[in-house]
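Accompanying notes for the structure given below.
The values are calculated or read from the model by the stated rules, or taken from the named source; none is laboratory data. Here the structure is a predicted model, which means the values were calculated and not measured. Cβ placement follows ideal geometry from the backbone for every residue including glycine, while neighbour counts extend to all protein chains displayed. Keep in mind that these areas ignore ligands, DNA and RNA; they rest on the heavy atoms of the full protein, side chains included. Shrake-Rupley method; radii C 1.70, N 1.55, O 1.52, S 1.80 Å.
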Amino acid sequence: MTSKLVPYHYLLVYQDHLIHLALLYERSDLYLWKGPLELPSSSKLYQINLQIGTFATPYPAAIKKFEVAEVKIDGISLKVPKRPNKYLRSLQNSKFLECDYQQAMDFYSVHGKDDSSVALDFKNRAIDVISQGQRILDELGVSFWLSSGTCLGWFRECSIIPHSKDVDFGIWAVDYKPNIISAFEMNGWMLKHILGKVEDSFELSFIHKNGLKLDLFFFYEEVDHVWNGGTDVYTAIKYKYSFPKFHLCWTEFQLMLVRVPCETESYIKANYGKHWRKKLEEWDWKSSPPNVKENGRWLEEEYQDAIQVF
């Protein structure tokens, strides 16, 4: 099973056994990439039940690099993952999305590409924020994905939007850990605000030492949708941003391996509308998104916990 020139898989039959040899390609220093396994319906192997969660998936996958250990099985020396349980878990959520470079080129052909010193400075600072924020959250075991304008930049432009002003991560509220704040502060970040409560409209914001802001938006799952909240610190009005349900995929972004919603376009359309391909310089977080609506108001006795600005 190959692309036009690069082999992805070999399927071998020996007696009554099917041997699947998946080829993993090194991409950057961070991960290994596996191509999709797509069997033609005319193939005798088409009816074979290849298990999901192995390498027999019809989509590309990314696996973070792992240590191996040498073992002997029936007198044969083999190499296996040193931490097999962690390795097997990583296969369950390994789907990989490539950025659409043609879409990015189409966008730049219409709107141009900002290569000014100001734009490049912002992009470099944003990369530092993503990289260091990722390291901290990874050490805590907290999964996140690129959200809001940061996700739009990846999907539309394969880059960082130079006028977006900050960096946005999404995190499932159930994955919140109380030591997130102290972990960022111990690494030199300044806590800017705590808005909402862990169980409702929660949001954390930190300032990196380079002056750029990182927003952590916490998402809540309902029966038929997911949502995150926002709070107006001046009026105490709560806002709700609703999205279709989604899964998470890996992608490579600015030489980093990060998560994005697999159903990226529906995620982007929910937040930015059907004209998401257009370049917008002005954006009001309370009124511009088509998926936002008011969601009540914090009570005065809740202000101390739900509206903390530093």
With a 1.4 angstrom probe the carbon and sulfur portion of accessible area for the chain, in percent, totals 53 percent
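Within the chain, which DSSP H helices have Cα atoms that stretch 30 Å or more along the helix axis and a mean Kyte-Doolittle hydropathy of at least -0.5?
Working: long enough: 117-140 (35 Å, 0.01).
Passing helices, by number: 117-140.
Mind putting a number on the dipole of the chain about its Cα centre? Charges go on the C-beta only, +1 for Lys and Arg and -1 for Asp and Glu, and I need it in Debye to the nearest 20.
Value, rounded to 20: 820 debye.
Enter the accessible area per residue of the chain (Å², integer; probe 1.4 Å; all protein chains in place). Walk me through the numbers before you get to the answer.
Numbers: 17470 Å² over 310 residues.
Computed with neighbouring chains in place, this is 56 Å² per residue.
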Would you work out the relative contact order for segment 210-302, in percent, from Cα pairs under 8 angstrom that are 6 or more residues apart? 26 percent
Which is farthest toward the positive dipole end of segment 64-115 among 84, 102, 73, measuring Cα position about the Cα centre, with Cβ charges +1 (Lys, Arg) and -1 (Asp, Glu)? 73
If the label point is 7 Å along Cα→Cβ of residue 288, which residues in segment 125-169 have backbone nitrogen under 19 Å from it? 126, 146-169
Taking only Cα atoms and a 10 Å spring cutoff, compute GNM fluctuations for the chain and point out the largest among 163, 275, 208. 275
Computed FRET efficiency, Cβ-Cβ of residue 234 and residue 110, R0 35 Å: what is it to the nearest 0.05? 0.40
GNM result for the chain, Cα springs below 10 Å: residue of 105, 256, 186 fluctuating most strongly: 186
With Cα springs under 10 Å, the Gaussian network model of the chain assigns the largest mean-square fluctuation among 15, 254, 92 to 15
Computed D for the chain, Stokes-Einstein, Kirkwood radius over alpha-carbon pairs, 25 °C, 0.890 mPa s, to the nearest µm² per second, is 113 µm²/s
Report, in listed order, any pair from 65/95; 177/238; 213/240; 65/213 with a Cα-Cα distance greater than 18 Å. 177/238; 213/240; 65/213
Below 8 Å between Cα atoms, with a sequence gap of 6+, how large is the relative contact order for the chain in percent? 13 percent
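Roughly how big is segment 131-285's charge dipole about its Cα centre, with Cβ charges of +1 (Lys, Arg) and -1 (Asp, Glu), in debye to the nearest 20? Write out the running numbers ahead of the final one.
Working: 17 positive and 21 negative charges, 70 e Å.
It works out to roughly 340 debye.
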Just how large is the dipole of segment 157-202 about the Cα centre, in debye to the nearest 20, putting +1 at every Lys and Arg Cβ and -1 at every Asp and Glu Cβ? 140 debye
MRE, 222 nm, helices only [DSSP H, n ≥ 4, -39500 (n - 2.57), over the chain, to nearest 500]: -6500 deg cm²/dmol
Can you check what the net charge comes to around residue 144, using other residues whose Cβ is under 14 Å from the Cβ of residue 144 (Lys, Arg +1; Asp, Glu -1)? -3
10 Å binning of all Cα-Cα separations within segment 175-310, expressed as whole percents from 0 upward: 11, 34, 41, 15, 0
Between the alpha-carbon centers of segment 54-98 and segment 259-297, tell me the distance in whole angstrom. 37 Å
For the chain, any Cys whose C-beta has no other cysteine C-beta under 4.7 angstrom counts as unpaired, and these are 151
